[in-house]
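The values are calculated or read from the model by the stated rules, or taken from the named source; none is laboratory data. It should be emphasised that the depicted structure is a prediction, and the values quoted were computed from it without experimental measurement. Here the Cβ positions follow ideal geometry from the backbone for every residue, glycine too, while neighbour counts run over all protein chains shown. For accessibility, only protein heavy atoms count, side chains too; no ligands or nucleic acids. Shrake-Rupley method; radii C 1.70, N 1.55, O 1.52, S 1.80 Å.
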Amino acid sequence: MNIDLNGVVNSAVQRGCAHFDERPSDTDVSLLVIHNISLPAGQFGTPYVDDLFMGTLNCEAHSSFSDLQGVRVSAHCFIKRSGELVQYVPFNKRAWHAGASEFKGQTNCNNFSIGIELEGTDTTAYTLAQYTSLKTLSKAIMQRYPNITIERIVGHCDIAPGRKTDPGSSFNWHLFLTMLKQSG
């Protein structure tokens, strides 16, 4: 897996969305944030996550979508249950994934982070295919953006405590970090 100078992953399905902007000048990309998402909650394989990030979600398609009316969010990448990788925003641009957030005294984590969404919930086990894809992507990100170290890979819950809980108790940090530390 390669990431070009613009932050585009060569092996990802590219779905260019409009929900991003420029990072502040002289910003070092130095944080990787892991999230989860499913729409409707707990349902996988629907087109709705893609629709949300593309700004085309029909909020009348499901009763739980009413609070998403007018919401403009995105992620850099989305990893489906199958392990398929979709990229919405190049890593050199600022995706709108973290919201009100803080990491080690720095606020507005969107400015300096990469956001990866896993198709899942806080309480549903993620698939081995997702961990494998996340490991491969994370290694490529760490090579392209060396300020992102293992210590600078966090969950959304870590940068927005009390507001966010993802990737949740179902995310096996030990497994992921062990895979990440292995060669290859």
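What the table shows:
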read-out	value
Selected residue (only one of K164, K181 is of a type outside the set (S, T, N, Q) and within 29 Å of S25 (Cα to Cα))	K164
Which listed residue, of K181, K135, is closer than 20 Å to M1 by Cβ and modelled with pLDDT under 95	K181
Leading residue by the ranking (nearest to the chain's Cα centre (by Cα)) among those in segment 111-129 that are surrounded by 23 or more Cβ atoms within 10 Å (Cβ to Cβ) and not in a loop (DSSP other than H, G, I, E, B)	I116
Residue count for segment 132-184, restricted to those that are β-branched (V, I, T), open to solvent by 20 Å² or more (accessible area, probe 1.4 Å), out of contact with any Ser or Thr (no Cβ under 9 Å at 6 or more places or on another chain) and in contact (Cβ under 8 Å) with a residue 40 or more places away in the chain	2
